[in-house]
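The values are calculated or read from the model by the stated rules, or taken from the named source; none is laboratory data. Being a predicted model, the structure only gives us computed values, none of them experimental. Quick reminder, even Gly has a Cβ in these numbers, built from the backbone with ideal geometry, and neighbours come from all protein chains shown. Note: areas computed on protein heavy atoms with side chains; ligands, DNA, RNA excluded. Shrake-Rupley method; radii C 1.70, N 1.55, O 1.52, S 1.80 Å.
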Amino acid sequence: MPYISLFLCAAFTLVNIVFTISSRRTAASLDPPVTHKNIHLLRRPSQYIRFDEVQRPSEPIPRQFNNYPIAVAQIDAADEGRIFAEDARAYMSPIGTVVPGDRRVLVTPTISTVVQFRTIDWGMEDCELHVSLPALSLGVGPKGVSVVVHRLNQTYPLDLATLSYRTRPPRVAKLASVQLSRTEGTVWHRRFACAADDVLTFELECSQTDGGDCLVEWWQKRGHVEPVPAVYLTQHATA
Ligand SMILES: *[C@@H]1O[C@H](CO)[C@@H](O)[C@H](O)[C@H]1NC(C)=O
């Protein structure tokens, strides 16, 4: 009896070792580890399952909210490999590091700012991009300054640790050239259809015709309304 037990024990141990080795090999080839470079490949199933089948007692009520960027970063055409550290204005306080979430927007003749949004919620698939700036808070030269807004071909969140002029997403369309006003402030907006859970990427660039005096910079706070300087997305109800 003890010999039979010992034999079975040894045999099953061998079988276990074989299973362990083979399963490790297949697991490694099927699931590469998730990092911030490939996390966008994971499925993002809708959280609003069968909402579209719900019968509504009335017409959609006009509603809207503001959606602030998930990423704001600079790229520099004069220094193609430069990666701008995301400066969140973090500071040490007696209770620890505080990250207020302010984002820097900077546009100069060579530096432009890439801004990324993710649409949220359900039935809010009517988007409106806003650039809203108060008067005279900008380094505006005598001729005035225009900022060109481009749409970029980037449909998942950017990796800010590798974003530089060289790795920037390609431009798809020029949306507008926004003339900044010194006296009245600037409110520019453009409405377009967007999908739920869509990642939208834009670039703010100095207009090429302005010569050398373009310099626009602001720190963007989250959740503030006009006329605090901000680039943000308003989502309007569609259902
Ligand atoms: C955007 O990029 C994707 C893949 O990189 C490509 O298939 C698509 O044609 C591009 N779209 C435009 C409008 O350039």
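Some values worked out for this structure:
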| read-out | value |
| --- | --- |
| Conditions (1) over 30 Å from residue 100 (Cα atoms); (2) within 31 Å of the chain's Cα centre (by Cα); (3) exposed (fewer than 10 other Cβ atoms within 10 Å of the Cβ): number failed by residue 52 | (3) |
| Filter pass, residue 129 being part of a loop (DSSP other than H, G, I, E, B) and either within 16 Å of the ligand (Cβ to nearest atom) or open to solvent by less than 10 Å² (accessible area, probe 1.4 Å) (or both) | no |
| Evaluation of residue 200 against (1) away from the ligand (no atom under 16 Å from the Cβ); (2) modelled with pLDDT of 95 or more (one fails), failing number | (1) |
| Some residue of the range 141-156 being within 16 Å of the ligand (Cβ to nearest atom) and hydroxyl-bearing (Ser, Thr, Tyr) | yes |
| Given (1) in contact with a strand residue (DSSP E or B) (Cβ under 6 Å, 6 or more places away or on another chain); (2) open to solvent by less than 100 Å² (accessible area, probe 1.4 Å); (3) not acidic (Asp, Glu), index of the condition residue 46 fails | (1) |
| Tabulated pairs, the range 150-178, first closer than 21 Å to residue 130 by Cβ, second open to solvent by 80 Å² or more (accessible area, probe 1.4 Å), C-beta under 6 angstrom, 6+ apart or interchain | 150/171; 150/174; 151/172; 152/171; 172/153; 175/190 |
| Every pair of residues 6+ apart whose Cβ atoms lie under 8 Å, when the first sits in the range 103-123 and is part of a loop (DSSP other than H, G, I, E, B) while the second is of a type in the set (Phe, Trp, Tyr) | 121/65; 122/48; 122/51; 123/51 |
| Test: residue 184 is more than 30 Å from residue 90 (Cα to Cα) and acidic (Asp, Glu) | yes |
| Residue list for the range 59-78, filter: more than 21 Å from residue 119 (Cβ to Cβ) and open to solvent by 70 Å² or more (accessible area, probe 1.4 Å) | 59, 78 |
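Okay, residues lined up against (1) open to solvent by 90 Å² or more (accessible area, probe 1.4 Å); (2) closer than 30 Å to residue 167 by Cα; (3) modelled with pLDDT under 80:
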residue	(1), (2), (3)
3	yes, no, no
9	no, no, no
12	yes, no, no
19	yes, no, no
23	no, no, yes
27	no, no, yes
32	no, yes, yes
36	yes, yes, yes
40	no, yes, no
